[in-house]
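The values are calculated or read from the model by the stated rules, or taken from the named source; none is laboratory data. Note that this is a predicted model, so its numbers are computed, not measured. Neighbour counts run over all protein chains shown; Cβ positions are idealised from the backbone, glycine included. Note: areas computed on protein heavy atoms with side chains; ligands, DNA, RNA excluded. Shrake-Rupley method; radii C 1.70, N 1.55, O 1.52, S 1.80 Å.
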Amino acid sequence: MSINAARMGYISDGQAVAKAAGARQRGGKLDTAQQTEAPTSNTGRYEQCSTLSTVLVMQNGQIKEIPVKKGVGTSVHIDAFTVTMPELVFNPLFDAITDDEVAALISGTIHEIMGYGLYTAARGRNGYRMSYLMGNERVSYGYVAFGGLQQKETVCIHFTGTGLMAAQDGWEHRLYQFLQDFAPNARITRCDLAHDFIEGEYTPDQALKDWESGLFTSRYTKPVAECVGSDWLSGTNRGKTLYIGSRKSSKYCRIYEKGKEQGDEQSKWVRFELELKNKDIIIPHDILINPGLYLTGAYPICEQLFINHKEQVARIELKKRQETVSIEHCQKYASMQASSFLNYLHNELNLTKEEVFDFVVNPVAKAPKRLDRAIYDSNNLTIHFIHEFKRLPYSESELLDKIEDEFALKSKSIRKHMTYEEYRDAMYENIWKEARFYMTPNEILNPKREWN
């Protein structure tokens, strides 16, 4: 990274970056108690955001819209989140040189905010040269990507819904405060907002009628809609999904039967989810701590649904419900696949239930992937994060010593000098593994020739 990164248009507020770097040098901590108002624009300017009408701002020469804010801020939860910020935020002194060193600094910061860090390197993605994963081999919490000439020395951090569910409580406020203190110009490029109707208070069928009535029309053009799932035409109990809008647009809504999607055919659980992307809108940092305001203002129907909601369903209740559905799903298919054989062992071969269990069950088998405890709590991860091994980068002297040691090893000859008699005895005894590391008589008689 070069110092020119601080002069790029992406880092427009040089004083804010300098302040963040200074706080890093002084060992600044995240202050979760301090709640300052988020900028409604990611250009570093503060705009007055109306709660009644759309606000348009200029960003990088383009007119963009700030989502309307209505209702209360706690009626929904964030189900996916992507943010992009300068690499300078994590490496203000340019003392991290290698990819692993940069990843270690990022991992340590994410661990402070979310309760978990990066655990392994992966191939590049989204145009970035490098990426590092969060979670473990069975459960994905998201990834961090950086590097590449076209990415303007930025870092992309993506959290999946699983990663946000497993994060330690209060991550929204900690991440918001981090962005305020150290990355005021960070761009939220995607944010999924979700509200759960546990008892089916709102359904895809109702949403389809509301779409037909124009209650999903924000301006003048009615968004397209798509019905997905066999239940729209037949009662298969596999679930219905209604998509509203284009996947390529800034707003994309889906209303689907979450419980049936998880495997419970009798579940009434419906999820209303809005996917926001920063194509022609600006997603304010404030969405982290007041997500309900932005879902309520997204469509006319949302105001009717969420204006009076005070709280989203508690996260612990969602975890328990999802785990219950997963257990029932696994039990259903385990019963279908194994019952006949188990009955044969018990009824035909007269084995006791304990003998059947010992005969069939593999004691070292892992729990089904969908029942992995790490899905619900990052404390259940049994891995070491990258920053636990390489939290601090090499100093200049340590790096020079490391390079000198590497060159010294390459310059040293691995061959040993031996007399002709020793060489002849080694060949006579057929000790090839030893003889090949010694200089041959021809090499001994030609000392000007270098053998490395």
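Restricted to region 227-281, the set of strands (runs of 3 or more DSSP E) holding at least 3 residues that are more than 15 Å from Pro204 (Cβ to Cβ) comprises 270-277.
Being at pLDDT 95 or above and not polar (S, T, N, Q) is the requirement here; does Leu242 meet it? So Leu242 passes the test.
Return the only residue of Tyr143, Tyr116 being among the aromatic types (Phe, Trp, Tyr), without any contact (Cβ under 8 Å) to a residue 60 or more places away in the chain and not in a helix (DSSP H, G or I).
Just a single option satisfies the conditions, and that option is Tyr143.
When residues in region 140-156 are screened for being of a type outside the set (Gly, Ala, Ser) and touching a Gly at 6+ places or on another chain (Cβ under 7 Å), 3 of them pass. Looking only at residues in region 203-247 that are open to solvent by 50 Å² or more (accessible area, probe 1.4 Å) and among the charged types (D, E, K, R), which one is farthest from Lys260 (Cα to Cα)? The selected residue is Arg219. The residues listed here are Phe81, Phe94; of these, the one that is more than 30 Å from Ile198 (Cβ to Cβ) and aromatic (Phe, Trp, Tyr) is Phe94.
Taking region 186-214 as the range and being within 22 Å of Asp280 (Cβ to Cβ) and part of a loop (DSSP other than H, G, I, E, B) as the test, the residues that pass are Ala186, Gly214. Entry remark, region 304-354: residues being modelled with pLDDT of 70 or more, open to solvent by 80 Å² or more (accessible area, probe 1.4 Å) and in a helix (DSSP H, G or I) number 12 in total.
In region 163-202, of all residues being open to solvent by 10 Å² or more (accessible area, probe 1.4 Å) and acidic (Asp, Glu), the one that is farthest from Ala298 (Cα to Cα) corresponds to Asp181. Inside region 73-87, residues that are over 20 Å from the mean Cα position of the chain (by Cα) and open to solvent by 20 Å² or more (accessible area, probe 1.4 Å) make up a count of 1.
The requirement of being modelled with pLDDT of 80 or more, assigned to a loop (DSSP other than H, G, I, E, B) and surrounded by 10 or more Cβ atoms within 10 Å (Cβ to Cβ) is fulfilled somewhere in region 368-382, by at least one residue.
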